[in-house]
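Asks: Structure incoming, see below.
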Amino acid sequence: AQSVAQPEDQVNVAEGNPLTVKCTYSVSGNPYLFWYVQYPNRGLQFLLKYITGDNLVKGSYGFEAEFNKSQTSFHLKKPSALVSDSALYFCAVRDTGGGNKLTFGTGTQLKVEL
Amino acid sequence: DGGITQSPKYLFRKEGQNVTLSCEQNLNHDAMYWYRQDPGQGLRLIYYSQIVNDFQKGDIAEGYSVSREKKESFPLTVTSAQKNPTAFYLCASTPAAGTNQPQHFGDGTRLSIL
């Protein structure tokens, strides 16, 4: 069975500083990985995905993620954080059983302060 | 604009009552999903449907039921058998079950017990 771990419940960063939100995964076969963002009382918004190819994936709103197969990680990054980036971030891996189902991590609350 | 509409935004359930959450999409997507979100637990899959008139149980289907009579609609019923229904419920869809396309999410229904 596949799984996703987001080891940090909360990440605090100052505006203008780089941010990293960590994600590690466990899956048999090739991993298909996703990052989503959720604002309060809203649904999830897709940020980026890794299917195959370059290990550095660029996504929406200036976010990018680095896929590392040897470390089974898919960390989300942004060079310069904004206060408006404050939200709940979820990493997800596609289930190997098909049906395009996703297994989600428990989420990381990002707080960007002035 | 295409998207997923969930209604109502807030719902209250009385003891022993069944309630139905609506999910409608105009994206022409084949696959639809229902998730439950609890604080600190991420999203857990309740039911999913890959095509009209077909659906499968997810990880936490007990106490819930669904139907998929139309491509654009995937209502979720929370039955009286679900003893802890208080949660945020999210509906999602993808173009087809076998692709790596990201899931699109509605803005959720928050269910509470009276």
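Computed from the coordinates by the stated procedures, all read-outs in this text should not be read as laboratory data. Values in this document were obtained by computation on a predicted structure and should not be read as measured data. Backbone-built Cβ (ideal geometry, glycine too); neighbour counts: all protein chains shown.
Asks: Taking only the alpha carbons of chain B, what extent do you get along each of the three principal axes, in Å, biggest first?
Replies: 39, 27, 26
Asks: Once you've got the Cα coordinates, tell me which of B:Lys14/B:Lys83; A:Lys58/B:Lys57; A:Lys78/A:Lys101; A:Lys49/B:Lys71; A:Lys69/B:Lys57 are over 23 Å apart.
Replies: Pairs exceeding 23 Å: A:Lys58/B:Lys57; A:Lys78/A:Lys101; A:Lys49/B:Lys71; A:Lys69/B:Lys57.
Asks: Computed over the Cα atoms of chain A, what is the convex hull's projected area averaged over all directions, in nm²?
Replies: With every direction weighted equally, the projected area is 6.9 nm².
Asks: Moving to a separate point now. Once the Cα atoms of the stretch A:72-114 are picked out, what are the Rg and Dmax in Å?
Replies: 13.6, 44
Asks: Which cross-chain or sequence-distant (5 or more) residues have an amide H under 5 Å from the amide H of A:Ala81, H modelled 1.01 Å from N in plane?
Replies: Correct list: A:Gly16, A:Asn17, A:Leu19.
Asks: Listing B:His104, A:His75 from the residue with the fewest other Cβ atoms within 10 Å to the one with the most, what is the order?
Replies: So the residues, fewest neighbours to most, are A:His75, B:His104.
Asks: So if I place +1 on the C-beta of Lys and Arg and -1 on the C-beta of Asp and Glu, and nothing else carries charge, what would the dipole magnitude of the protein assembly as shown be about its Cα centre? I want it in debye, nearest 20.
Replies: Computed charge dipole of the protein assembly as shown: roughly 260 debye.
Asks: Further question on the same structure: How crowded by other chains is B:36-42, given as the mean number of beta carbons from other chains within 10 Å of each beta carbon?
Replies: Going residue by residue through B:36-42 and averaging, the value is 4.
Asks: Quick one: compute the contact order of the stretch A:1-76, relative version, from alpha carbon pairs under 8 angstrom and 6+ residues apart, as a percent.
Replies: 27
Asks: From the phi angles alone, apply the Karplus equation (6.51, -1.76, 1.60; θ = phi - 60°) to the stretch B:18-25 and give each ³J(HN,Hα) in whole Hz, x where the residue is Gly or Pro.
Replies: 8, 10, 10, 9, 9, 9, 10, 10
Asks: Hey, got the dipole for chain A? About the Cα centre, +1 on K and R Cβ, -1 on D and E Cβ, debye to the nearest 20?
Replies: That gives a dipole near 280 debye.
Asks: Sticking with this one: Between the stretch A:13-61 and the stretch B:7-59, what is the separation of their alpha carbon centroids in Å?
Replies: Each part's Cα centre sits 24 Å from the other's.
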